[in-house]
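Input: a single structure, listed below in structure tokens.
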Amino acid sequence: MLLDGELNLKIADFSVARLEPQDQREMTGTTGTLGYMAPEVLKGKPYNCSFDVYSFGICLWEIYCCDMPYADLSFTDASSAIVHQNLRPKILRCCRPAMARIMRRCWHAGKEAGHGRGGAATRGSRH
């Protein structure tokens, strides 16, 4: 995430961005930065927009907590725990409930089939 000269937020991707193809099977998994990759991406499943929602939730957590996700774990340990034990960053007790809800909904987005772009992570979160 970047800020321009007028402090407008810009979301950027430094090499793997591309237009979304018509056939979702053309989008491959295992591309990205470990701490931000959805479990389905780590499993190598075909990529879809809900995985970006998951990554956005991790970015929100990082901004709120001023920390790196899974900084104390190795790549192998973090990957395994994310996929097999549903590991997610710990939300601080001081986090506002509405923000915590958004993070959790983002992290759950990849598991909800057929919700489309943004899906459940953005629905009903105007609290």
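Just so it is clear, none of the values below were taken in a lab; they were calculated from the coordinates. Predicted, not measured: the structure shown is a model, and the values here were computed from it. Glycine gets a Cβ as well: all are built from the backbone with ideal geometry, and neighbour counts include every protein chain shown.
Would you kindly state how much longer the chain becomes between residue 6 and residue 104 on full extension, computed as 0.36 nm times their sequence separation minus their alpha carbon distance, in nm to one decimal?
So the extension gain works out to 32.2 nm.
Given a Förster distance of 25 angstrom, what is the FRET efficiency for residue 80 paired with residue 45, based on the Cβ-Cβ distance and rounded to 0.05?
0.95
For region 39-98, what's the relative contact order in percent, using C-alpha pairs closer than 8 Å and at least 6 residues apart?
Once normalised by length, the contact order is 37 percent.
Within 10 Å, count the other beta carbons around each residue, average over each peptide in 56-63, 102-109, 89-96, and list them highest first.
Those peptides, ordered most packed to least, come out 102-109, 56-63, 89-96.
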